Amino acid sequence: MLATRRAVVAVGLWLTGLVLLWAVGRVLADRGAVVTYGSAPPFIGYLHGRASVGTVLAVVVAGVVVLSGPRFARTARWRLVLLAGWGASTLFAVLLAATDGLSAIAAPLTDENDYLAVVPAVAQDPGEFLRSFTDQALTYPVHVRGHPPGVPLLLGGLDRLGLGGAGWMAALVVVVGTSSVVAVGVTVRALAGTRGEETVRRALPAVVLAPAALWLATSADALFSGVLAWGVALLAIASTREGRSWPWAIAAGLVLGLCPFLSYGLLPMGALALVVGIVTRRWAPTVVAGVVVLACAAAWGAAGFWLPDGIAVTHLASTLGRAADRPYLYFLVADLVLLGTLVGPAGVGGLVGLRHLPRAVRLLVVVALGAALLGALSGVERGEVERIWLPLACWVLPVAATLADRRGWLVAQASATIALQVVLVSPW
């Protein structure tokens, strides 16, 4: 009972923080300070109530998860539990995005500031695009110059295969992003055994219903989340597998080696991979994966793109935009509160019971929270973290396992997510 009260207090503080941040943000904006795009600080977007058939269907899915999810997750076969969680997450995210119509699922990717604007040039000559990327970065759309060249090259390759356009990109983003449910589950079970599996089973319904679903469909950061999660999962398999582990370690290195070339933000988030060695005390797979990561960086450099140069150019670009003028102290608090929004009431409340979870889960949660705190303190992340911190939120959400015995928390989780979708119009 005491733990429940503490969880309720934690959620109350989080909600109070959201309200205060909205009020302070509006005051700052009225005084001429640059806060966020739109009228719903600390979120990017504006408040406008609406609903549709997609919303109703999302409510139905949420109801099924609330009523049947806990029992199914507790009793079904492990692989089926993970696949069902992946499928439910995908369906829930897509239906929420369809609140504004089916076209709204891919619409965020068609913005003039997004990646698709440069795909024709990339598809025509990917080698030249890569070699000239650093020199030309400041001439590209905002999201292109704010990230490494990995995503445009990936999309250019898909375009060459006849899979170009916003629809195919949206499918890639959503499927890979929601697969982080499986990757996190695989990692936790590998590192924590039976207790880890139990944690995942208990947390899964709350994970599916978390507000993070609003940005899984459709933000490129969902893609980043899935790639990082699978890199860590492969390393966990390599470090706990009987017999030959080096093929899994190499695979982990290849996936983790892709991360810095998708988003610079994944560099500090990559600290999650170190948890594997700390828990298993088998550092050889981590070393192998690390060597592969360095080899990947060298290969990108030989092809014409050096990571330090890209970071320097992106830092310069960030000083030229409006985000550099956003109030530091406001977003120091706002960014952390928005991470709470991504994990929802069950995630925020579940943090009070963190000490009751397996050591591996505790370490993953603490490292994810630490990465978010460092990002907020650095001042580099000033807003927009409702999408940027998707790769961290999926590692915090297992704390919902501490509240899984009470269906009311699932109702609160689903209600928070659906309410946000109905009232908040986001560009992602």
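A short reminder: the numbers here are calculations on the coordinates, not readings from a lab. None of the values given here were measured: they were computed from a predicted structure. Heads up, the Cβs are rebuilt from the backbone with ideal geometry, glycines too, and the neighbour counts pull from every protein chain shown.
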Mind listing just one residue for me: the one in the stretch 347-379 that is hydrophobic (A, V, I, L, M, F, W, C) and more than 17 Å from the chain's Cα centre (by Cα) and, of those, nearest to GLY45 (Cα to Cα)? LEU377
Kindly check whether there is at least one residue in the stretch 368-384 that is crowded, with 22+ Cβ neighbours inside 10 Å and more than 25 Å from LEU316 (Cβ to Cβ). yes
Spans of helices (runs of 4 or more DSSP H) in the stretch 252-312 with at least 1 residues closer than 19 Å to LEU155 by Cβ: 266-269, 284-303
Where a residue in the stretch 92-117 is buried (at least 21 other Cβ atoms within 10 Å of the Cβ) and its partner, wherever it lies, is among the charged types (D, E, K, R), with Cβ under 7 Å and at least six apart: THR99/ARG50
